[in-house]
1. Quick one: putting +1 on the C-beta of Lys and Arg, -1 on the C-beta of Asp and Glu, what dipole do you get for the chain around its Cα centre, in Debye to the nearest 20?
2. Excluding Ala90 itself, what net charge comes from residues whose Cβ is under 14 Å from its Cβ, given Lys and Arg +1 and Asp and Glu -1?
3. Rounded to the nearest Å, what's the spacing between the alpha carbon centres of the range 75-136 and the range 31-74? Just the number, please.
4. So if the hydrodynamic radius of the range 2-150 is defined as the Kirkwood radius over C-alpha pairs, what does Stokes-Einstein give as its diffusion coefficient at 4 °C and 1.567 mPa s, in µm² per second?
5. For the range 89-145, what are Rg and Dmax over the alpha carbons, in angstrom?
6. I want to check the label-to-label distance for Gln41 and Ser137. Put each point 7 Å from Cα in the C-beta direction and report it in nm to one decimal.
7. In nm, give the distance between the simple-model label positions of Thr126 and Val11, each being 7 Å from the Cα along the Cα-to-Cβ direction.
8. When the gyration tensor of the range 11-72 is built from Cα positions, what are the square roots of 5 times its three eigenvalues, in whole Å, from largest to smallest?
Amino acid sequence: MLAAVFRLMLVAVMAVDPLNYFAPVVLLGGAHFLTAFKADQLQALALVSQTLYTHGYNISLVFFGFHCLLIGYLIYRSTFLPRIIGVLLAIRGPCYAANSLGTFLSPGFAAPYFLMPAALGELSLTLWLLVIGVNVSKWEENARAWRVIGA
């Protein structure tokens, strides 16, 4: 449930964040109420709105990092996928969070090496699901066990 909450927070931030892309349309659209500002001020505000989009995206990736950490833990505990994938996904979470927080707190911060383990975790899960998939026999065995408990 906590992983779902973090995922929903990610989605909420990413749903609102693109509104920053529409601010230049309003600011540079020539509306009458904007005559109080000079042209260079409006252009600067338009540029600020584009920067705000980047910050919003980085904030959403912090939530995604916590989501990945929890999903990695759940995969590690399950028997449907290899545990190493869970470990790689659990490593992916703090990598996203550290990179995003670093970028947010220090705008000149650029550390692509934080995202290399993240790419390994994402790629391994994707390839595993595409090529091999979930262990169906263990899935059905657990489903039967849950039906007996729930009955």
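Just so you know, all these numbers are worked out from the coordinates, no wet-lab data involved. It should be emphasised that the depicted structure is a prediction, and the values quoted were computed from it without experimental measurement. FYI the Cβ positions are ideal-geometry reconstructions off the backbone, even for glycines, and counts take in every protein chain you see.
1. So the magnitude is around 420 debye.
2. Taking every other residue near Ala90 into account, the sum is +2.
3. 24
4. Estimated via Stokes-Einstein, D reaches 71 µm²/s.
5. Calculated on Cα positions, Rg and Dmax stand at 16.8, 53 Å.
6. That separation, rounded to one decimal, is 7.3 nm.
7. 2.1
8. 33, 10, 6
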